[in-house]
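Below is one structure, written out as structure tokens; comments come after it.
The values are calculated or read from the model by the stated rules, or taken from the named source; none is laboratory data. Fair warning: this is a prediction, and the values are worked out from it, not measured in the lab. Here Cβ is always computed from backbone atoms with ideal geometry, including for glycine, and neighbour counts include all displayed protein chains. For the accessible areas, the whole protein counts, side chains as well, though only heavy atoms, and no ligand, DNA or RNA atoms are used. Shrake-Rupley method; radii C 1.70, N 1.55, O 1.52, S 1.80 Å.
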Amino acid sequence: MTAAMTLPTAPRILVDADACPVKDEIYRVAWRTEVPVTIVSNSHLRVPDHPLVQRVVVSDGFDAADDWIAEAASPTAIVVTADILLADRAIKAGATVIAPNGKPFTQSSIGAAIATRAIMADLPAGGDQLGGPAPFGKADRSRFLSALDEAIGRMKRGR
């Protein structure tokens, strides 16, 4: 084997689960691809009784789930989160990060996402009325499934 070749890695999925709308999709992909899933939440969530699914309930402290996921993140992890600051921490740990709508967070996109988050946080303080995020729909679910499949495939091939 040459130095340029890499061995396939065994991926795992870490889910920021408290408000995750795609948990059922994650379970189906995990079972099909035989990839373990860790559901991390501040409260007791129902998860399937399956050997590939692990539930971790952390304290209800501020960012406790994020801290657990950030500590567990690694180059073999696929982190599913909508939290931009957690995404940044996971990327710095080498993880692949996917939002529930299927959009990837990457080294090149995370800076702009953090800046946009800061701007959006400041706007309501100035009295501006903003709508919330667009409703989560079928296209988001489909995009997420494709992104998760692609990420697992890349890791299993060692890329």
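If you go through region 47-79 and keep only what is surrounded by fewer than 19 Cβ atoms within 10 Å (Cβ to Cβ) and in a strand (DSSP E or B), you end up with Gln54, Arg55, Val56, Val57. The single condition from (1) open to solvent by 90 Å² or more (accessible area, probe 1.4 Å); (2) in a helix (DSSP H, G or I); (3) not β-branched (Val, Ile, Thr) that His44 fails is (2).
Of all residues in region 51-62, those that are under 19 Å from Pro11 (Cβ atoms) and touching a helix residue (DSSP H, G or I) at 6+ places or on another chain (Cβ under 7 Å) total 3.
Within region 84-109, the set of residues being farther than 19 Å from Glu25 by Cα, open to solvent by 50 Å² or more (accessible area, probe 1.4 Å) and part of a loop (DSSP other than H, G, I, E, B) comprises Thr106 only.
Criterion first (at pLDDT below 95, closer than 22 Å to Arg12 by Cβ and part of a helix (DSSP H, G or I)) does Met155 satisfy it? Yes; evaluated as a whole, the condition is true for this residue.
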